[in-house]
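Student: Please see the structure below; I have some questions.
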Amino acid sequence: MDYAEYLRRLPKVELHCHVEGTLRPATVADLAKKHGIALPTEDVDELYTYETIYEFLDIFRFVNSTVIDRDDFARVAYESLEDGVKLGNLKYREMFFNPTLHTPRGVPMATVMNGLADGIHAAEQDFGVRCFLIADVYRQDSPEMALAMTEDVLANRVPELIGLGMDGAEAPDPPEKFLASYQLAGKAGLRRTSHASEDAPPANITACLDVLGCERIDHGYHILSDEKVVERCRDEGIHFTCCPTSTAVVYGWPDLTAHPIKGMIEAGLKVHLNSDDPTMFRTDIGKEYVDFIGQNGYPPELAKELVLNGVDATWLDDSDKAELRREFEAELTTLDAQLVL
Ligand code: HPA
Ligand code: ZN
């Protein structure tokens, strides 16, 4: 087996993937037809083109207007997990969804959450992949809207729901704006994470950890501009869910050999790789490892370290995490024996 195939076949955990960013173009076309929604182009793949996070977020909203009933949500969750399994040997995911992308257009929260849970169950049955859900605050919403969303999510809780996160454009809206949502989530026993320092200074990482009670950081690239925050996160073993391709496209790091993720690894931070919005960025969880590890000339030892960082960063309890680690280590040993460098 060559190195690219090895990287693609490594067993993987994914903790930074937005279900709404995983819609297959053919599914968007199907759902648009089903619901009589007009698309601006017959070639839906053409929709997935942008240069900034703002353009991306507009298309993200638009393509998801085709996802309406419980079956639609089940279908997109199922296909999303199927793609992860088939393209990158995905074993386990904690998956974001954006409730306020759906509820303001009249979709009940129960439809969103039960539909996603249906798709997760079906994918586990067919492919053995496991998945939990993280509800995301959308940064451009008001704090009142985010709090109402958090209450609604808790009122419609499904067993798969394990956490609260936050996405949207980071620069204009600081983490502290959403303290009430994070406090409520914490009281209700949800785990907490947030996109931070993808497009803002490392002070946002500190605020997420100290004010919002986050345990992980999604992205985090600008941390490198503050050695003190780097030192703290290294000492505390904070995990960073990094996304090479999506940020290469919208944040101007087109060369993966010069991406800040490299500096984060060199600084001793705990990093693993994720696909973020795979279909929308024409990537998949396998390709993220193939491209980032391959283009940087990293050895198998580092690839395996990143994979196992992903396992350590999950919100599984200690015994389930240890079990997942044993499964991964056994599969890695088998793959190592087949690798021809
Ligand atoms: N950043 C900000 N908003 C998003 C992202 C992201 O990575 N993915 C989906 N919405
Ligand atoms: Zn993201």
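Student: Can you find a residue in region 166-173 that is modelled with pLDDT of 95 or more, among the aliphatic types (A, V, I, L, M) and buried (at least 24 other Cβ atoms within 10 Å of the Cβ)?
Tutor: There is at least one residue in region 166-173 that is modelled with pLDDT of 95 or more, among the aliphatic types (A, V, I, L, M) and buried (at least 24 other Cβ atoms within 10 Å of the Cβ).
Student: Next up: Is it the case, given these coordinates, that Glu151 is closer than 30 Å to Asp291 by Cβ and either in contact with an Asp or Glu (Cβ under 7 Å, 6 or more places away or on another chain) or modelled with pLDDT of 95 or more (or both)?
Tutor: no
Student: So, of the residues in region 86-100 that are outside any helix (DSSP H, G or I) and within 16 Å of ligand 1 (Cβ to nearest atom), which turns out to be nearest to Ala146 (Cα to Cα)?
Tutor: Only one residue fits best here, namely Asn98.
Student: For Ile293, are the conditions met, namely being away from ligand 1 (no atom under 16 Å from the Cβ), among the β-branched types (Val, Ile, Thr), crowded, with 21+ Cβ neighbours inside 10 Å and over 19 Å from Pro202 (Cβ atoms)?
Tutor: The answer is yes for Ile293.
Student: Moving to a separate point now. How many residues does region 49-80 contain that are closer than 27 Å to Glu170 by Cα and crowded, with 19+ Cβ neighbours inside 10 Å?
Tutor: 12
Student: Could you please find all residues in region 37-85 being assigned to a helix (DSSP H, G or I), farther than 17 Å from Leu101 by Cβ and free of Cβ contacts under 8 Å to residues at least 40 places away in the same chain?
Tutor: Val44, Asp45, Glu46, listed by residue number.
Student: Can you tell me which residue within region 265-277, out of those that are away from ligand 2 (no atom under 16 Å from the Cβ) and of a type in the set (A, V, I, L, M), is surrounded by the fewest Cβ atoms within 10 Å (Cβ to Cβ)?
Tutor: Only one residue tops the list, namely Ala267.
Student: Further question: Considering only region 6-36, how many residues are without any contact (Cβ under 8 Å) to a residue 60 or more places away in the chain and surrounded by 15 or more Cβ atoms within 10 Å (Cβ to Cβ)?
Tutor: Residues meeting the conditions: 6.
Student: Among the numbered criteria (1) at pLDDT 95 or above; (2) under 28 Å from Leu341 (Cα atoms), which single criterion is violated by Asp276?
Tutor: Unmet condition: (2).
Student: So which residues in region 218-256 are farther than 30 Å from Glu55 by Cβ and either open to solvent by 20 Å² or more (accessible area, probe 1.4 Å) or within 16 Å of ligand 1 (Cβ to nearest atom) (or both), if there are any at all?
Tutor: Residues satisfying the conditions are Glu227, Lys228, Glu231, Arg232, Arg234, Asp235, Glu236, Gly237.
The values are calculated or read from the model by the stated rules, or taken from the named source; none is laboratory data. Not measured: the values here are computed from a predicted model. Virtual Cβ from ideal backbone geometry, glycine too; neighbours counted across all protein chains shown. The protein model used for the area step is the full one, side chains on, heavy atoms only, and it has no ligands, DNA or RNA in it. Shrake-Rupley method; radii C 1.70, N 1.55, O 1.52, S 1.80 Å.
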